[in-house]
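Reading through the structure tokens given below for one structure.
Every number here is computed from the coordinates shown, using simple stated rules; none is lab data. Just so you know, these numbers come straight off a predicted model, no measurement behind them. In this analysis, Cβ positions are derived from the backbone assuming ideal geometry, glycine residues included, and neighbour counts consider all displayed protein chains.
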Amino acid sequence: MSKLLNRVVAPENIFAGYIEKESVFKDKRVLTAAFIPEKIPHRENEIKQLTNILAPVLKGYTTNNAFIYGTVGTGKTICCRYVLSQLEEAAIAQSKAVKALYLNCKMKRVADTEYRLVAQLLKGLGVSVPDTGLPTDVLYHKLFEKIDEKRQHIIIALDEIDSLVRKTGDGFLYSLTRMNSELKNASITTIGITNDVLFLEGLDVRVRSSLSEEELVFKPYDAVQLQDVLQERVFEGFREDVVGPEVVSLCAAIAAQEHGDARRALDLLRIAGETAERNNDNKVTDFHVNEAQDKIDVERTVEVIKGQPKQSQAVLITIIKLIEAQKKQGRWSDKRLLTGSVYESYRETCGRNNLKPLTQRRVGDLISELDMLGIISTRVISKGRYGRTREISLALNETIAHKAERTLADKFY
DNA sequence: AGTCCACAGGAAGGGCAGGCGA
DNA sequence: TCGCCTGCCCTTCCTGTGGACT
């Protein structure tokens with residue numbers, strides 16, 4: 001056996017250096033947003049409130065539905081998951097039938113439609129259903145039967161619930177609340193998580209009144225609080241003395257500028273660690289954090305662009321090229337484009353690339369989608385007698401735009 | 001004040017792929 | 001195999017818009 005190991009890590013092996021070198025990380029999973037830590041600093045009150053809302057299920061009582069608000073990276077998801085895991089643990093210890101289901105409604109092709117959401121809930125309860133093919137009411141019926149088959153309490157946490165409602169309407173929320181009133185044995189508590197403070201206002205009155213019985217607001221972390229959050233993770237995630245306090249402060253300060261986003265702070269720390277490791281450095285420094293910041297911005301955008309459908313990419317490369325051409329001609333003042341000219345050039349792009357051009361109506365939607373993704377920015381303007389149109393400009397900085405162009409240049413002429 | 005332009009954007013529905021049950 | 005269901009992408013048709021022009 002030892003002979004075999006020796007052979008695997010023999011010095012001449014190209015991976016030998018990697019295996020022998022001690023990593024700066026102790027446990028890298030700790031530095032991801034998905035990790036649920038033992039302690040969540042500066043969220044004690046919110047955890048207590050949510051615990052108080054859900055605690056009655058452990059005594060067999062029904063509980064109120066709840067709604068959690070807060071901007072990105074304020075700890076809504078992690079606190080909710082933490083409380084749910086603690087609740088399930090307590091329920092098992094006391095032999096109570098409590099089941100918690102957590103779903104992220106924004107996850108593409110997982111729970112981003114009504115059908116997929118109900119299918120995921122069924123999967124969470126151990127019932128497997130096809131990804132497509134069944135009428136939605138059949139799925140609801142199955143869900144109803146599964147939940148009501150015994151005396152139990154089901155807690156359904158729907159993260160980023162606003163994106164699903166925006167996409168499919170609030171019909172599923174109405175169905176869930178109505179289902180709850182018809183159950184004979186079981187009961188359901190719904191927890192909605194969103195970063196849209198005005199989300200409830202657009203809902204059906206009946207849904208709104210039953211869904212928002214309790215409301216929790218998560219405020220953004222400030223730089224000092226972020227430092228505490230990071231310090232916990234540094235202790236668990238990195239080897240001793242690898243990350244100094246100045247690095248933690250820098251990550252916290254950068255993330256605090258971006259609305260107190262803890263997720264961003266963690267990403268910075270993790271990628272700074274990866275950069276240090278790749279450079280064969282034993283300590284993470286400010287230099288690695290700055291490198292990480294650039295890398296996150298570029299990679300995040302490039303990944304989003306790569307994930308777009310081909311037609312959307314064709315529209316984007318058309319916009320990038322048009323802006324570049326205008327810049328080359330020194331026409332800085334008119335570097336904003338109009339829908340009509342973009343569509344015309346887009347058709348040419350399609351012609352060169354054997355792509356069937358879409359209608360202007362559809363391209364208008366693709367432009368709106370690119371706008372929503374923050375890749376371009378648009379503004380509806382009226383040019384009086386010369387019509388109403390959209391002014392389009394790139395929302396990316398030079399470096400990212402250049403990288404985006406190079407990414408798409410491989411696919412389009 | 002009325003007209004006109006070049007779209008924006010909503011609504012409805014077609015076509016397709018994929019799955020299910022009879 | 002067929003009819004029916006789904007999600008998804010797309011087109012067609014339509015009304016609305018706001019400021020320059022007449």
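Points to keep in mind about this one:
- Charge dipole (chain A, unit charges on Cβ, about Cα centre) - positive-most of A:F199, A:L266, A:F35: A:F199
- Fraction of the pair-distance distribution of the range A:247-358 above 23 Å, Cα-Cα pairs, percent: 52 percent
- Ellipsoid semi-axes for the range A:337-413, based on the Cα gyration tensor and the rule √(5λ), read 22, 18, 10 Å when sorted largest first.
- Cα-centred dipole magnitude for the range A:235-375, charges only on beta-carbon of K, R (+1) and D, E (-1), debye, nearest 20: 1200 debye
- Computed FRET value (nearest 0.05) for A:E145 with A:A253, which takes r as the C-beta separation and R₀ as 60 Å: 0.65
- Cβ charges +1 (Lys, Arg) and -1 (Asp, Glu), total dipole of chain A, debye: 1560 debye
- Difference of contour (0.36 nm per residue) and Cα-Cα distance, A:R388 to A:S368: 5.6 nm
- Normalised per residue, the volume of the convex hull around the Cα set of the range A:46-102 (Å³): 76 Å³
- Low-density loop positions, trypsin sites (Lys or Arg not before Pro), the range A:63-107 - DSSP coil, at most 15 other Cβ in 10 Å: A:K106
- For the range A:282-341, the C-alpha radius of gyration divided by 2.2 N^0.38 Å, with N the number of residues, is 1.62.
- For the range A:44-217, the alpha carbon convex hull comes to 106 Å³ per residue, rounded to a whole number.
- Pair A:N52, A:V72: separation of 7 Å Cα→Cβ label points (nm): 3.2 nm
- Label positions at A:E348 and A:R81, each projected 7 Å from the Cα along the C-beta direction, are separated by 4.8 nm.
- Here is the size of the range A:177-250 from its Cα atoms: Rg then Dmax, 20.8, 58 Å.
- Backbone N under 20 Å from the A:D196 label point (7 Å along Cα→Cβ), restricted to the range A:59-101: A:66-77
- Reducing the range A:297-311 and the range A:197-255 to their Cα centroids gives an inter-centroid distance of 26 Å.
- If you wrap the tightest convex hull around every Cα atom of chain A and split its volume per residue, you get 230 Å³.
- Computed from the C-alpha gyration tensor, the three semi-axes of the ellipsoid equivalent to the range A:222-305 are 19, 17, 10 Å, from longest to shortest.
- Estimated FRET transfer efficiency when R0 is 35 angstrom, pair A:D286-A:V380 (beta carbons, to 0.05): 0.25
- Separation of the alpha carbons by more than 19 angstrom is noted, of A:K99/A:K123; A:K99/A:K184; A:K96/A:K150; A:K306/A:K403; A:K76/A:K150, for A:K76/A:K150.
- In this simple spin-label approximation, A:Q94 and A:K411 carry label points 7 Å from Cα along the Cα→Cβ vector, and these lie 5.3 nm apart.
- Toward the positive end of the charge dipole of chain A, with +1 on the Cβ of Lys and Arg and -1 on the Cβ of Asp and Glu, the farthest Cα among A:L316, A:S249, A:Q120 is that of A:L316.
- Note on A:V224 and A:H402: with the Förster distance fixed at 35 Å, the Cβ-Cβ geometry gives a FRET efficiency of about 0.40.
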